[in-house]
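Read the figures in this text as sums done on the coordinates, not as results from a lab. Note that the coordinates shown come from a computational prediction; the quantities given were computed from them, not determined experimentally. Cβ placement follows ideal geometry from the backbone for every residue including glycine, while neighbour counts extend to all protein chains displayed.
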Amino acid sequence: MRFALDGAKRIEAIPKGRGQCPVCCGDVLAKCGARRIWHWAHRVKASCDQWWENETAWHRNWKMNFPAEWQEVIVKGSSGEIHIADVRTPSGLSIEFQHSPITDIEQETREEFYNDLILVVDGAHESHGYESFMENIDFWRERGVGAGQIGFGFNPMLANITKRWNSSRRPVLIDFGGSVLWSISVMRDGWAKYALEISKSDFVTCLTQHTDPTVHLSPWK
């Protein structure tokens, strides 16, 4: 995690630093090295936020696109359950950056907990993930998908990464590296879907300017 607590103050990791976890209030230690992202880790292995995964450079780089106060926001559910959203906008939209695969049960539970949620998935680390995804796309364009965007028809069951996230009921975007994201959440006909290419800079700008994403990215809905 990027932030720990020192009393009521959020602090970043520094060499030999100490703080408290904002979820379980357990002691955390700063992990600072030349080859790793400076971050906080529990002093004693704890059962804290089980949805939290070890932070990679990919996670940190994505979060740094947003104001610090939007990053690692504590969200408390109606039942008292607590989780840390990677990014949460003032309007209550959560953005989760997911590097590793998760189970269908965790995916469904997470979507229900956050309700208004966008998932950004790391596709660059998966062997041949981009190649298999591109091979699956029909290289003919269909207009009229929505908001002036162009959709590429594809079968979500033919590539591992799209198959893995096919059951999601929330917007899923794949980051294969480079300057664009691929939205894979728009239904086409029956089993088929549309893949929509979306600029990363437009995605970030839309959110940081407090613009309703459903207006500019209506194909997700």
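Which net charge results for the neighbourhood of Val120, defined as the other residues with beta-carbon distances under 12 angstrom from its beta-carbon, given Lys and Arg at +1 and Asp and Glu at -1?
-1
For Asn61 and His42 in one chain, what is 0.36 nm times their gap in residues minus the Cα-Cα distance, to one decimal in nm?
4.6 nm
From the backbone phi of the range 172-184, what are the Karplus-calculated ³J(HN,Hα) couplings (6.51 cos²θ - 1.76 cosθ + 1.60, θ = phi - 60°) in whole Hz, Gly and Pro given as x?
Values, residue by residue: 10, 10, 9, 9, 8, x, x, 9, 10, 10, 10, 7, 10 Hz.
In debye to the nearest 20, how big a dipole does the range 1-48 give about its Cα centre with +1 on each Lys and Arg Cβ and -1 on each Asp and Glu Cβ?
It comes to approximately 200 debye.
What FRET efficiency comes out for the pair Ser167/Glu197, r = Cβ-Cβ distance, R0 = 35 Å, nearest 0.05?
0.95
Step by step: find N for the range 73-182, compute 2.2 N^0.38 Å, then divide the Cα radius of gyration by it. What's the final number?
Against the compact-globule rule of thumb, the ratio is 1.18.
Taking H placed 1.01 Å from N in the peptide plane, check which residues at least 5 places from Leu93 or on another chain put their amide H under 5 Å from its amide H.
Those qualifying (amide H under 5 Å, at least 5 residues apart or on another chain) number zero.
Which value, in debye to the nearest 20, describes the size of the charge dipole of the chain about its Cα centre when Lys and Arg Cβ atoms bear +1, Asp and Glu Cβ atoms bear -1, and nothing else is charged?
Once rounded to the nearest 20, the dipole reads 640 debye.
For semi-axes √(5λ) of the Cα gyration tensor in Å, the listed values are [x] 30, 18, 17; [y] 33, 18, 16; [z] 25, 20, 18; which was obtained by calculation from the structure presented?
[y]
What are the residues whose amide H is under 5 Å from the amide H of Gly151, where those residues sit 5 or more places off or on another chain and H is modelled from the backbone?
Result for Gly151 returns Glu142, Val145.
Give me the net charge for the shell around Ile105: Cβ to Cβ below 13 angstrom, other residues only, Lys and Arg +1, Asp and Glu -1.
Surrounding charge for Ile105 is -4.
Could you run the Karplus curve 6.51 cos²θ - 1.76 cosθ + 1.60 with θ = phi - 60° over the range 85-102 and give me ³J(HN,Hα) per residue in whole Hz, x for Gly and Pro?
7, 3, 9, 9, 7, x, 7, x, 7, 9, 10, 10, 9, 10, 8, 10, x, 10
Would you work out which of Tyr114, His210, Cys24 lies farthest towards the positive end of the dipole of the chain? Charges go on Cβ: Lys and Arg +1, Asp and Glu -1.
Looking along the dipole axis, the top candidate is Cys24.
Specify whether the C-alpha gyration tensor of the range 1-48 places it in the rounded, prolate or oblate class, a ≥ b ≥ c being the square roots of the eigenvalues: rounded for a/c under 1.5, otherwise prolate if a/b is larger than b/c and oblate if not.
Oblate.
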